[in-house]
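Below you'll find the structure, written out as structure tokens, and then a few comments.
The values are calculated or read from the model by the stated rules, or taken from the named source; none is laboratory data. Owing to the predicted nature of the structure, the values given are computational and were not obtained by experimental measurement. Positions of Cβ are backbone-derived with ideal geometry, glycine not excepted, and every protein chain shown enters the neighbour counts. Surface accessibility is based on the protein's heavy atoms, side chains included, excluding ligands, DNA and RNA. Shrake-Rupley method; radii C 1.70, N 1.55, O 1.52, S 1.80 Å.
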Amino acid sequence: MGEQPIFSTRAHVFQIDPNTKKNWVPTSKHAVTVSYFYDSTRNVYRIISLDGSKAIINSTITPNMTFTKTSQKFGQWADSRANTVYGLGFSSEHHLSKVTELECVSSQANAVHTHKTELNQTIQELEETLKVKEEEIERLKQEIDNARELQEQRDSLTQKLQEVEIRNKDLEGQLSDLEQRLERSQTEQEAFRNNLKTLLEILDGKIFELSELRDSLAKLLECS
């Protein structure tokens, strides 16, 4: 809907003297219409007053603005954006009270809007922080899963190593047994060779004796 007027009244408009900062300078020769506008889209209040086609007030209400009632028919407020202080002189106390009431409501509404904006920003920041934390948690879970997988691989390799060591011990035992058997076999072969040599020597002696005996028999036969 945009900006809509919610209240209008007539008042004499003043601005503080920029030189003295004390005296009031009228910006209109007579009472003019002073209107309160509300922008529902932006949740913003403004005080607007025109003297013909000239805007003598165009003040956006902010949370830190305060409309001060200085007498029964006069009120003022400071506008830091316009770098001035506005004053309104009314024909009755009723009109001043109405403006004071509207100023209070608009200031509170702006404060609520500001607070809501800050809350939304805080919520957004918290959501972003939560997202980062969730991503970090997922990363840590992945690292834990990887660590578990590595531990399982390590345990498997350790078990295989133990099995290889056991097999190596068995092979070492078998090798030692074979070496002992080979040593015994070599000893037995050496003993067999020695026995065979002795037997051959005995046979040689027997053959020699038989040869001598044959020669002796041959001589006996010749003599006969």
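Can you compute the FRET efficiency between ARG214 and SER185 using 1/(1 + (r/R0)^6), with r the Cβ-Cβ distance and R0 = 35 Å? Round to the nearest 0.05. Walk me through the numbers on the way to the answer.
Values: r = 42 Å, r/R0 = 1.20.
So, using R0 = 35 Å, E works out to roughly 0.25.
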Checklist entry - Just from its helices, what would the mean residue ellipticity at 222 nm be for the chain, if runs of 4 or more DSSP H residues each count -39500 (n - 2.57) and the sum is divided by every residue, rounded to the nearest 500 deg cm²/dmol? => result -22500 deg cm²/dmol
Item to check | Heavy atoms of ILE144 accessible to a 1.4 Å probe, total area in Å² rounded to 10 | outcome: 90
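In the chain, which longest range has no trypsin sites (Lys or Arg not before Pro) that are both DSSP loop (not H, G, I, E or B) and surrounded by at most 12 other Cβ atoms within 10 Å?
Details: sites that count: LYS21, LYS22, LYS29, ARG42, ARG81.
It runs 82-224.
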Checklist entry - Could you name the lysines in cross-link range of LYS219, using Cα to Cα under 30 Å and dropping any fewer than eight places away on the same chain? => result LYS206
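Would you please calculate the Kirkwood hydrodynamic radius of the chain over all C-alpha pairs and express it in Å, rounded to one decimal? Don't skip to the end; give the middle numbers.
Working: mean 1/r = 0.0349 Å⁻¹.
Here the Kirkwood hydrodynamic radius works out to 28.6 Å.
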Checklist outcome for this item: The size of the Cβ-based charge dipole (Lys, Arg +1; Asp, Glu -1) of the chain about the Cα centre, to the nearest 20 debye, is 2980
Checklist outcome for this item: Cα-based Debye curve of segment 7-116 sampled at q = 0.10, 0.14, 0.18 Å⁻¹ gives log₁₀ I(q)/I(0) of -0.27, -0.53, -0.88
Checklist entry - Taking the Cα atoms only, what angle lies between the long axis of helix 93-223 and the longest principal axis of the chain, rounded to 10 degrees? => result 0
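Can you tell me the accessible area per residue over the chain, all protein chains present, probe 1.4 angstrom, in square angstrom? Don't skip to the end; give the middle numbers.
Details: 17000 Å² over 224 residues.
Counting only protein heavy atoms, the per-residue value for the chain is 76 Å².
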Checklist entry - Given Cα pairs under 8 Å that are at least 6 residues apart, what percent is the relative contact order of the chain? => result 12
Item to check | Cross-link reach list, lysines versus LYS160, counting only Cα pairs under 17 Å and skipping chain neighbours closer than eight places | outcome: LYS169
Checklist outcome for this item: On the accessible surface of segment 7-116, probed at 1.4 Å with all protein chains in place, carbon and sulfur together account for a percent value of 53
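At R0 = 45 Å, how high is the FRET efficiency between SER71 and GLU118 if r is their beta carbon distance? Nearest 0.05 is fine. Could you put the intermediate results ahead of the total?
Working: r = 36 Å, r/R0 = 0.81.
Efficiency computed from Cβ-Cβ geometry: 0.80.
Just want to confirm a number: the relative contact order over segment 7-116, from Cα pairs under 8 angstrom separated by 6+ residues, in percent. Please report the intermediate quantities before stating the final value.
Working: 198 pairs, mean separation 26.8, N = 110.
With pairs under 8 Å counted, the relative contact order is 24 percent.
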